[in-house]
């Protein structure tokens with residue numbers, strides 16, 4: 001940490017902890033503005049069934065569609081970069097291929113879901129957040145720590161994306177949006193939504209394009225998403241959903257020990273599902289879900305010699321998954337059981353189409369699982385047990401357990417404790433060289449608004465990893481990851497408020513006790529800090545966000561990481577006629593305002609320098 005960065009932190013942190021003691025708002029209004037709801041709490045689907053936030057033992061962060069819009073976010077990467085405990089290894093042109101870590105857990109141990117459908121590939125267990133547009137997102141639930149008793153291979157956590165549904169109040173509603181910025185970076189979007197009698201629909205489409213804010217980092221993505229629902233005569237609901245993405249982007253271009261590199265990435269992904277939910281009684285409900293996913297990726301590795309681009313490899317990954325899940329839910333807010341069965345047939349083929357060698361992997365397998373999760377409330381105490389059995393089809397059988405509890409000490413204070421086992425799958429082409437990754441995790445924390453004008457959340461975590469693998473290698477290690485997260489949010493004072501989230505991580509080799517370093521195989525930053533200064537004026541229809549991100553990598557000697565200062569982004573939104581429903585909204589963003597650099601591998605990657613984009617959206 002250099003002197004300039006230290007001075008910035010020493011100046012900013014006291015501001016984030018300021019406790020305003022004046023203003024026109026009553027204390028109860030201030031508490032409500034912080035989002036800690038006591039009568040109608042926010043519901044989170046951490047157990048595949050919505051639960052009030054006070055009945056959640058896990059460490060969860062929820063980002064809503066309204067917050068995403070105020071960030072002027074293009075993809076999931078833009079959102080994750082603002083979440084405490086999450087750090088991207090590079091911040092480049094929108095849509096870029098990037099890695100991230102979640103409390104030190106790598107991308108290949110974090111399960112990404114969209115409406116319950118797995119987005120991770122099987123070859124590396126990786127889902128690229130730069131490929132996931134956010135225009136159709138209703139909320140994003142980031143669950144930090146092992147969640148295998150609910151979701152299966154989720155050793156490091158879950159990013160659960162819940163998409164928008166049909167507008168229930170109008171037959172036709174929608175939005176069109178267009179943005180343009182530096183290096184012809186454009187984002188065009190449109191959506192239609194509505195309900196007519198028993199039929200509802202939500203449709204969206206978009207294009208994300210850039211000539212490249214860095215060399216060989218331009219790209220173009222087209223996406224489409226739809227959700228059609230119908231209320232059955234039996235009071236159940238049938239929903240058909242689909243998503244399609246076709247795009248490509250340059251990965252990197254720079255001098256390295258391998259020469260002057262020139263790598264590209266192309267992807268085609270599509271998902272389809274049909275879900276039927278049916279109430280069977282006062283407290284009993286059934287859900288059936290069938291799904292089909294297809295993935296087609298090309299990763300080209302090459303170089304440039306005297307102005308001529310030559311590709312050495314063109315790795316082609318083809319994957320598909322077809323399956324069905326069924327879930328039975330019984331109970332109410334005080335006591336609930338959720339049990340389910342899952343089955344899927346998966347297929348993967350991985351080969352270099354520029355090589356005459358046989359495919360590195362060409363196989364199919366079947367996997368299935370059964371699980372049982374519960375909620376039992378006894379006054380202010382809620383007990384949350386869970387168990388799951390997985391037949392992975394790749395690495396044998398696995399039992400996962402969890403036991404959590406919450407205690408609502410006071411109206412605005414909740415204590416949480418959580419213990420769990422989790423696992424992550426090995427990659428299919430290295431199945432004989434790798435062992436099943438396993439983790440035992442313990443979490444504990446408190447969330448409170450008892451301090452006037454402040455919301456505070458403190459979480460301690462301890463993760464013991466067995467057979468952890470550095471990404472892209474066959475080396476198995478045992479690791480010990482422990483640390484804490486501290487989040488604080490102030491009330492709004494004349495429209496101004498502040499938030500801060502600090503994370504500390506102590507990552508060590510469990511056998512040697514040696515502290516782990518960030519390198520090209522793993523990212524384990526011991527310090528990350530997220531800051532946000534916000535201004536909201538509903539009368540003017542104006543919103544502003546100044547967001548800072550700091551990371552300290554504890555870098556290995558090679559490849560060298562860089563963490564040069566705080567990266568600042570500014571986002572402005574203005575609804576021109578705030579009282580008019582059909583008023584256009586102008587938005588503008590300045591990103592990396594002071595040309596900061598944060599990258600886990602500075603030999604190949606750097607951050608985009610300061611760049612701008614802006615546009616207009618129109619809702620009807």
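Details
- Cα gyration tensor, the stretch 175-255 - rounded (a/c under 1.5), prolate or oblate: prolate
- Segment residue 403-residue 207, length gained on full extension (0.36 nm per residue, minus Cα span): 66.2 nm
- When peptides 262-270, 196-204 are ranked by their average number of other Cβ atoms within 10 Å per residue, the highest-first order is 262-270, 196-204.
- Ordering 156-163, 376-383 by mean Cβ neighbour count within 10 Å, with the highest value first, yields 156-163, 376-383.
- The residues 118, 351, when put in order of fewest to most other Cβ atoms within 10 Å, stand as 351, 118.
- Three-way shape call for the stretch 128-269 based on the alpha-carbon gyration tensor, with the a/c threshold at 1.5: oblate
- Over the chain: helical MRE at 222 nm, DSSP H runs n ≥ 4 each giving -39500 (n - 2.57), nearest 500: -1500 deg cm²/dmol
- Expressed as a fraction of 2.2 N^0.38 Å, the C-alpha radius of gyration for the chain is 0.94.
- Packing around the peptides 547-557, 305-315, taken as the average count of other Cβ atoms within 10 Å per residue, puts them in this order, highest first: 547-557, 305-315.
- As a ratio to 2.2 N^0.38 Å, the alpha-carbon radius of gyration computed for the stretch 238-321 takes the value 1.81.
- Two-decimal Rg to Rh for the stretch 310-419 - Kirkwood Rh, Cα set: 1.23
- Cβ-based exposure ranking for 345, 55, 543, in which fewest neighbours within 10 Å come first: 345, 543, 55
- Three-way shape call for the stretch 523-574 based on the alpha-carbon gyration tensor, with the a/c threshold at 1.5: prolate
- Per-pair calculated FRET efficiency, R0 = 22 Å: residue 312 and residue 270 via Cβ, rounded to 0.05: 0.15
- The residues 504, 533, when put in order of fewest to most other Cβ atoms within 10 Å, stand as 504, 533.
- Dividing the mean sequence gap of close Cα pairs (under 8 Å, 6+ apart) by how many residues the stretch 3-619 holds gives a relative contact order of 13 percent.
Just so you know, all these numbers are worked out from the coordinates, no wet-lab data involved. Please read all numbers here as calculations on a predicted model, not as lab measurements. A quick note on method: Cβ atoms are made from the backbone with ideal geometry, for glycine too, and the neighbour counts reach across all protein chains shown.
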